[in-house]
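Engineer: There's a structure below that I have some questions on.
The values are calculated or read from the model by the stated rules, or taken from the named source; none is laboratory data. All values derive from a computational prediction rather than experimental measurement. No Cβ is skipped: glycine too gets one built from the backbone with ideal geometry, and neighbour counts run over all protein chains shown. These area figures cover heavy atoms from the full protein model, side chains too; ligands, DNA and RNA do not enter into them. Shrake-Rupley method; radii C 1.70, N 1.55, O 1.52, S 1.80 Å.
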Amino acid sequence: MTLYYTLVFILLMVEMVSFFFLVTPLPFNLRRRLFHFISTSDIIARTQYTLKIVFVFILILFIDSVNRVYRVQQDVIASNASGTVITTGTDRTEIQARKFYSQRNMYLCGFTLFLSVILNRTYVLVVDLLAAEDKLAAMKASAASTAADSSVISSKNEEIAKLKAELKNKDTDLATLRKQCEGLSAEYHKLGDQLNAKETLGDVNSKKDL
């Protein structure tokens, strides 16, 4: 395997490890901090830009490997059509080796490009999921705050209603006491009038006796 295809294979392994890292279940806070670092780091941004250029070269290698596979197939078809029979094992082995290496390079570059697309899409989905979870947590906190405010308001309304009921009872008691005071006052005046009448009658009788 040549050097650039070795580098492509190493990149494929890195992509596989990165993909498994993305789909691995991690604690929510740790995952959020990690992806926040990835999305805001300048080093990661430069690395992503460099990888885009690398993937362009891998695409060129993929097109070249597909072309090589096509040419090997055309050579085999042309030899069969011309009636040339491959008699020696060396020629047959050479053709099989060319076909194998061409297909290997094609699959290697193709899977690397395909996994890069899946990796990018998975990263976007995970970031969207984290944003949705943050939004849901904020909505739950807002709902809890609203519920707490409504419970406070309802408790205050209950307390106000209770105070109004107590005030109404006190007004009723005050009216009853007022009526009792008026009755006692009337009785007091009545008794006072009766005492005055008796005193006046006693004075008249004493004057008659004189």
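Engineer: Pop a pseudo-label 7 angstrom from the Cα along the beta-carbon direction at both VAL66 and ASN169 and give the gap in nm to one decimal.
Structural biologist: Each label point lies 7 Å from its Cα, and together they span 8.9 nm.
Engineer: Taking the simple approach of a point 7 Å from Cα along Cα-to-Cβ for both GLN73 and ARG178, what is their distance in nm?
Structural biologist: Result for the modelled spin labels: 10.8 nm.
Engineer: Using the beta-carbon distance between MET13 and ARG104 and R0 = 22 Å, what value does 1/(1 + (r/R0)^6) give for FRET efficiency, to the nearest 0.05?
Structural biologist: So the FRET efficiency works out to roughly 0.90.
Engineer: While we're on this one: Order ILE63, ILE118, most accessible first, counting only protein heavy atoms with a 1.4 angstrom probe.
Structural biologist: Largest accessible area first, the list is ILE63, ILE118.
Engineer: Please arrange MET13, MET139, MET106 by accessible surface area, largest first, computed with a 1.4 Å probe and ligands excluded.
Structural biologist: Sorted descending by solvent-accessible area, the residues read MET139, MET13, MET106.
Engineer: Could you order the peptides 18-29, 47-58 from most to least packed, using the average number of other C-beta atoms within 10 Å per residue?
Structural biologist: 47-58, 18-29
Engineer: Once the piece of chain linking VAL124 and THR24 is laid out straight, how much longer is it, given 0.36 nm per residue of separation minus the C-alpha distance between them?
Structural biologist: Length gained between VAL124 and THR24: 34.5 nm.
Engineer: Evaluate E = 1/(1 + (r/R0)^6) for LYS135 and GLU159, where r is the Cβ-Cβ distance and R0 equals 30 Å; express this FRET efficiency to the nearest 0.05.
Structural biologist: Efficiency, from the Cβ-Cβ distance: 0.25.
Engineer: Using a 1.4 angstrom probe with every protein chain in place, what is the largest-first accessible-area order of LEU130, LEU136, LEU3?
Structural biologist: Ranking LEU130, LEU136, LEU3 by accessible area, largest first, yields LEU3, LEU136, LEU130.
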